[in-house]
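What follows is a single structure, written as structure tokens, with notes after it.
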Amino acid sequence: MREIDLISDRILKQLTGLEDAAGQVRRTSSAKEGESVDHTTRPVLMERATYLKKMARASEGSASEILKEYPRHNIQLSVRLRSGIAELHERFADIFIVLDGRATLVTGGTILKPQVTGPGEVRGSMVEGGAQQELRTGDVAHIAAGTPHQILLAGDATFTAMVIKVQETD
């Protein structure tokens with residue numbers, strides 16, 4: 001296995017709570033049986049984001065990965081090097097926690113050239129007539145299920161966010 005793959009695997013184990021920084025297996029149990037507490041530090045997330053940026057450069061300008069799945073939500077790390085397409089998730093809200101960079105979030109309006117890409121998932125070329133909000137490092141944005149949205153980048157800007165997808169409807 002290449003060194004970068006070994007590092008990547010170790011970081012992923014830290015992100016998912018399987019190992020601590022020293023490579024020791026860990027799981028912090030809460031007071032209730034069967035529950036656990038997952039904890040990840042910003043430096044670990046940013047190191048993982050560096051890897052995703054390399055992947056984004058080698059692909060279409062974006063890369064993301066699911067860090068952890070739970071019964072009604074998941075946590076993802078997302079990196080954008082260019083603007084995204086328009087999206088709508090019928091059942092899931094998106095919560096963006098901006099870790100680095102800046103972007104314009106467009107919400108509402110109408111998705112142009114909409115295409116159903118999966119159950120409850122619509123994608124399109126852009127959001128027309130939506131409200132615009134600048135997102136910067138440290139900002140948090142909640143996009144309710146069923147809301148058209150799009151992330152736009154200007155110039156050579158980059159955008160790194162933790163995205164929590166929360167199931168709002170069945």
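The figures follow:
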read-out: Per-peptide average of other Cβ atoms within 10 Å, ordering 64-74, 146-156 highest first; value: 146-156, 64-74
read-out: Local electrostatic count, S64, Cβ distance below 15 Å [Lys/Arg +1, Asp/Glu -1]; value: +2
read-out: For T158, distant residues with modelled amide H under 5 Å away; value: R102
read-out: For the stretch 129-139, 3J(HN,Hα) per residue [Karplus equation, 6.51 cos²θ - 1.76 cosθ + 1.60, θ = phi - 60°, Hz, x = Gly/Pro]; value: x, x, 7, 10, 9, 6, 10, 10, 3, x, 6
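Where a number appears in this text, it was derived from the coordinates with a stated rule and is not lab data. Quantities reported herein were computed from a predicted structural model and do not represent experimental measurements. When we count neighbours, we look across all protein chains shown, and the Cβ atoms used for this are built from the backbone with ideal geometry, even at glycine.
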